[in-house]
Every structure is written in C-alpha cells, then in structure tokens.
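Input: a single structure, listed below in structure tokens.
The values are calculated or read from the model by the stated rules, or taken from the named source; none is laboratory data. Only a predicted model underlies this, so the values are computations on that prediction, with no experimental measurement involved. Backbone-built Cβ (ideal geometry, glycine too); neighbour counts: all protein chains shown.
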Amino acid sequence: MSELPTYGFDTLQVHAGSSPDPSTGARQTPIYQTTAYVFRDADHAAALFNLSEVGYIYSRLTNPTVGVLAERVTTLEGGTGGYCCSSGHAAQIMALFPLMGPGLNLVSSNRLYGGTVTQFSRTITRFGWETRFVDTEDLDSVKAAIDDKTRALFCESIANPGGYITDLEALAKIADSAGIPLIVDNTSATPYLCRPIEHGATLVVHSLTKFLTGNGTITGGAVVDSGKFDWSIDGKYPSLASPEPAYHGLNFYEALGSMAFTFHGIAVGLRDLGMTMNPQAAHYTLLGIETLSLRMPKHVANAEKIANWLEQDDRIEKVTYAGLASSPYKNRAAKYCPNGAGSLFTVAVKGGYDACIKLVDSLELFSHVANLGDARSLIIHSASTTHRQLTPEQQEAAGATPNVVRLSIGIEDPEDLIADLDQALAKAHS
Ligand SMILES: *Cc1c(COP(=O)(O)O)cnc(C)c1O
C-alpha cells in the first residue's frame with residue numbers, strides 16, 4: 001500500500017498516503033466533510049459494491065481524509081493494508097471481529113491498559129468470546145493456554161503503564177507454531193519507537209488518541225495488517241477464507257489475498273459495526289503524525305531524566321521504566337525499542353494510597369487526567385481511576401497497586417517538571 005517505499009521515516013510521516021488534492025491543488029490533506037460520494041454512473045456504483053473497483057461509497061466505510069491517515073499509519077508500521085476506527089478500543093474489537101466467534105478464545109498478556117482488561121475479561125464475553133490471560137514472561141503458560149479454539153494471541157509492545165517490554169519475537173514464534181495471528185497493541189511505543197511487524201506481529205492495533213495525535217484532541221484507532229498471515233489455515237477463519245454470508249458469499253482471502261483482512265474490515269466490519277473515524281479527527285491525527293519523530297525523542301529524553309531523578313529520591317519506593325539502567329527489561333528495550341522506551345512509567349510512592357492522592361492533588365504543571373501520550377505531562381492514580389474496576393490481582397499484574405501513580409511525560413522543560421514533582425512530593429509527605 002505504501003507508495004513511497006524508499007523514503008525514510010521522517011519523510012513518510014509527512015507524505016505517505018497524501019498528494020496534492022487533484023481538484024483544487026490544496027497541499028494539506030483536505031477535511032472531506034461529506035457523507036456520500038456521487039457515482040459516475042450505475043455501472044460504477046455496481047463495481048464499487050462488488051469490490052471489483054475501489055472507490056468511495058459512504059463515509060461509514062471510507063472517507064478520503066481518513067483513508068490518507070490509514071495509509072500513513074500502515075506505511076509507518078510497514079503493513080500491507082489498514083483502516084482507521086473511532087477509538088483504540090474500537091480498533092481492538094475490529095481486529096478480533098473477523099477472527100472470533102461464539103465458543104472461541106483469545107490468549108492475552110495480562111499486562112494491559114486497564115480498559116482493555118475490562119473489555120477482554122467482561123464485555124467481549126457477551127459475544128461468546130473468552131479471553132485467557134497469561135503472564136508473557138512464562139512462555140510455557142502462554143503455550144499451555146492455546147488450544148484448538150484459540151484464534152489470536154494479544155499483547156502490548158511497551159505494556160501500559162510502562163516499564164514492561166514484551167518479547168515480541170518469542171510470542172510470534174508461539175503464535176506461528178499454533179497457526180494463529182499475533183496482535184500487538186503498539187499505542188505506547190508508536191512506530192517511531194517499535195515496529196512490531198518486523199518482529200513477527202500479524203496485526204498491529206493503535207489508539208491514535210495518544211502519541212500519534214500527540215496533543216489530546218481526539219479519539220481514534222487503527223488496525224494495520226502485515227499481509228503475511230495465511231487466513232485459510234485449517235479452516236479456522238471462515239469469515240476471511242470461506243464464503244462470507246455477510247458479503248454475498250465472497251471469499252475475501254481467495255479474492256483479495258494479502259488485502260483480505262483490510263477489505264473485510266471495511267466492507268463488513270465498518271459497514272456493520274459502524275465504529276468509524278470522522279474526517280476531523282483524522283485531520284488532527286495527520287497533523288500530529290507529521291511531527292512524530294520530532295516529539296518522541298523529547299518525550300523519551302524527558303522521561304529518562306525524570307525517571308532517574310525520581311529513582312534517587314528517598315520519598316520514592318520504586319520507579320518502573322524500561323529506560324532505566326536498573327530495569328530488568330533494559331536489554332529487551334534496546335532490542336525492540338532502540339530509539340527509547342517511551343515516556344510512560346509508574347512510580348511507587350512511600351506513604352501509599354494517601355501520599356499518592358496528595359501528590360496528584362498538589363501538582364501544578366502535571367494534569368490529573370485519564371489520558372496518556374499528550375504534549376502535556378499527565379499523571380493518574382490508576383488504582384482509584386482507570387484500574388478501579390480490576391481485582392487486586394489484576395491491579396498487581398497491571399502494575400497499578402494503590403501506592404502507584406502513572407506518569408505520562410510530555411515535551412515541556414524537564415527542569416520545570418522536576419520542580420513541580422519536587423514541590424508536590426514535599427506536600428505529599430508533610
Ligand atoms: C488508550 C489506550 C487504548 C484505548 O484507546 P482509546 O482510544 O482510548 O479507545 C488501548 N490500548 C492502549 C495501550 C491505550 O493506551
């Protein structure tokens with residue numbers, strides 16, 4: 001899908017998927033604020049509905065602005081196809097939807113964004129899908145959890161809330177020998193820090209809401225397909241590789257090969273589930289991605305400085321960040337995230353729950369919000385907010401116990417951020 005395969009990352013983040021608007025010459029990708037598109041004639045309309053010609057029908061399926069974004073994210077991830085959706089959580093459902101069915105299961109890392117734990121352990125059971133959570137440090141338990149009803153293995157590259165780097169190649173090997181796709185949520189890393197497809201991922205999902213947009217303005221998601229998986233394997237993926245009744249009996253894999261997953265996602269998934277991204281949101285995300293490679297090094301440099309400062313402070317029990325020399329995942333970070341381990345990490349504060357609450361309430365520059373990956377530095381006390389729905393065991397696995405706050409370091413002056421933490425820690429311990 002990438003039209004500029006020989007250019008470097010910085011060039012692609014500005015250009016991939018876009019060209020001057022053919023009718024006006026507009027250089028920036030226009031916001032195509034339209035619901036529908038006029039067919040040239042009845043034959044054209046029929047060809048579009050047959051998927052024998054690619055074009056625009058209705059913005060629940062595709063939109064030119066959203067399409068540029070899908071191609072840009074796909075190119076940066078090194079995929080063959082992809083599409084956008086209304087949020088990161090929508091992207092997760094969209095990625096699983098063609099693979100799963102009642103009675104089937106996915107095996108997932110237990111180190112996940114809190115909302116994903118809830119989505120996987122509660123909400124998707126209403127579809128008859130089951131999630132088997134595993135500790136991905138114990139590869140035997142990952143293998144043991146997979147059975148003939150397993151249709152996907154799921155993990156995060158840099159696992160939210162930071163500090164843990166998943167051994168993607170080890171998981172890809174297990175997924176390969178089980179004949180199932182590895183799905184990697186690459187939200188916390190972005191393709192600037194980690195490119196999961198190069199390490200064996202089949203599908204990459206994103207919350208575009210976070211670093212890719214980078215300024216806390218929208219919600220969005222994306223699913224990118226490596227194009228490498230054989231969906232006809234053992235008859236396990238009938239929606240993709242046998243006649244799909246929801247699309248007049250089309251066998252997507254036979255007809256579309258490495259683009260089968262992408263076309264199914266648009267023609268069936270977006271059409272019928274309707275988790276569509278709007279063109280305004282795509283516009284903000286495109287603007288954000290243009291400066292991804294300028295922002296991420298600053299996020300990383302600030303995170304490293306602040307994590308090191310906190311680690312030596314005696315009001316702090318522990319800092320969990322894979323970019324620290326003390327991290328058990330330092331070598332894995334160097335392998336999978338050579339440009340840095342991101343800017344999310346957790347801090348265990350002496351004084352427990354009460355000190356965390358005081359710290360959060362005393363900060364002036366840091367904002368107390370349920371978000372991450374913003375240009376602004378953010379903090380949240382996960383146990384009383386994002387991870388509140390989880391059991392104590394789930395909180396422990398997710399690194400979100402009551403004495404822990406999660407920081408998402410922005411791109412401000414690190415000295416100012418350290419001064420803010422210093423004064424708030426003083427209040428938390430007074
Ligand atoms: C935020 C986030 C999500 C969910 O994305 P939304 O856009 O909020 O729906 C999923 N995974 C990770 C790692 C996230 O940080």
- Message: Restricting to the stretch 345-376, give me the number of residues that are in contact (Cβ under 8 Å) with a residue 60 or more places away in the chain and at positive phi.
- Response: 2
- Item | Candidate set: the stretch 366-386, residues that are in contact with a strand residue (DSSP E or B) (Cβ under 7 Å, 6 or more places away or on another chain) and among the β-branched types (Val, Ile, Thr); chosen: the one farthest from the ligand (Cβ to nearest atom) | Ile379
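Yes/no matrix, rows are residues, columns are (1) farther than 30 Å from Leu171 by Cβ; (2) exposed (fewer than 15 other Cβ atoms within 10 Å of the Cβ); (3) among the charged types (D, E, K, R); (4) in contact with a Gly (Cβ under 7 Å, 6 or more places away or on another chain):
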| position | (1), (2), (3), (4) |
| --- | --- |
| Ile316 | yes, no, no, no |
| Leu324 | no, no, no, no |
| Ala334 | no, yes, no, no |
| Thr346 | no, no, no, yes |
| Leu359 | yes, no, no, no |
| Leu363 | yes, no, no, no |
| Asp413 | yes, yes, yes, no |
| Ala428 | yes, no, no, yes |
- Note on the structure: The correct count of residues that are of a type outside the set (Gly, Ala, Ser), surrounded by fewer than 24 Cβ atoms within 10 Å (Cβ to Cβ) and either within 15 Å of the ligand (Cβ to nearest atom) or assigned to a loop (DSSP other than H, G, I, E, B) (or both) in the stretch 184-209 is 1
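Could you please find all residues in the stretch 239-276 being of a type in the set (A, V, I, L, M, F, W, C) and touching a Ser or Thr at 6+ places or on another chain (Cβ under 7 Å)?
Residues of the stretch 239-276 of a type in the set (A, V, I, L, M, F, W, C): 240-241, 246, 250, 252, 255-256, 259-261, 263, 266-268, 270, 273, 275.
Answer for the stretch 239-276, where residues must be of a type in the set (A, V, I, L, M, F, W, C) and touching a Ser or Thr at 6+ places or on another chain (Cβ under 7 Å): Ala241, Met259, Ile266, Leu270, Met275.
Looking at the stretch 160-183, which of its residues are part of a strand (DSSP E or B) and within 13 Å of the ligand (Cβ to nearest atom)?
Passing the criteria: Tyr164, Ile183.
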- For Ala26, which of the numbered conditions (1) surrounded by 13 or more Cβ atoms within 10 Å (Cβ to Cβ); (2) modelled with pLDDT of 95 or more; (3) among the aliphatic types (A, V, I, L, M) fails to hold? (1)
- Task: State yes or no: is Thr131 in contact (Cβ under 8 Å) with a residue 24 or more places away in the chain and farther than 28 Å from Val300 by Cβ?
- Result: yes
- Message: Taking the conditions exactly as written (assigned to a helix (DSSP H, G or I), at pLDDT 95 or above and farther than 16 Å from Gln423 by Cα), does Ala333 satisfy them or not?
- Response: yes
- Query: Considering the stretch 97-138 alone, what residues qualify as being of a type in the set (A, V, I, L, M, F, W, C), under 22 Å from Ala397 (Cβ atoms) and either more than 13 Å from the ligand (Cβ to nearest atom) or surrounded by fewer than 18 Cβ atoms within 10 Å (Cβ to Cβ) (or both)?
  - Reply: Leu106, Val107, Ile124, Trp129, Phe133, Val134
- Query: Only one residue in Ser109, Ser86 is within 18 Å of Thr262 (Cβ to Cβ), under 21 Å from the mean Cα position of the chain (by Cα), small (Gly, Ala, Ser) and at pLDDT 95 or above. Which one?
  - Reply: Ser86
- If you check Thr62 against the conditions, is it crowded, with 19+ Cβ neighbours inside 10 Å and within 30 Å of His248 (Cβ to Cβ)? yes
- Item | Answer residue from the stretch 382-425, given it is under 26 Å from the mean Cα position of the chain (by Cα) and β-branched (Val, Ile, Thr) and is farthest from Gly216 (Cα to Cα) among those | Thr391
- Message: I'm checking my understanding of the structure. Among residues of the stretch 391-421 that are of a type outside the set (A, V, I, L, M, F, W, C), touching a residue at least 40 places away in the same chain (Cβ under 8 Å) and not in a loop (DSSP other than H, G, I, E, B), which one is nearest to Asn308 (Cα to Cα)?
- Response: Pro414
- Among the residues of the stretch 177-196, is any basic (Lys, Arg) and farther than 25 Å from Ala334 by Cβ? no
- Task: Consider only pairs whose beta carbons are under 6 Å apart and that are at least six residues apart or on different chains; among these, list those whose first residue lies in the stretch 286-302 and is more than 14 Å from Ala375 (Cβ to Cβ) and whose second residue is surrounded by fewer than 17 Cβ atoms within 10 Å (Cβ to Cβ) and of a type outside the set (A, V, I, L, M, F, W, C).
- Result: Ser293/Asp10
- Query: Are any residues in the stretch 38-55 in a loop (DSSP other than H, G, I, E, B) and at pLDDT 95 or above, and if so, which ones?
  - Reply: Val38, Phe39, Arg40, Asp41
- Query: Do we find that Ala282 is within 30 Å of Ile218 (Cα to Cα) and at pLDDT 95 or above in this structure?
  - Reply: yes
- Do you know which of the residues in the stretch 210-229 that are closer than 21 Å to Thr65 by Cβ and hydroxyl-bearing (Ser, Thr, Tyr) is farthest from the ligand (Cβ to nearest atom)? Thr217
- Query: Is at least one residue of the stretch 141-159 within 16 Å of the ligand (Cβ to nearest atom), in contact with a helix residue (DSSP H, G or I) (Cβ under 8 Å, 6 or more places away or on another chain) and part of a loop (DSSP other than H, G, I, E, B)?
  - Reply: yes
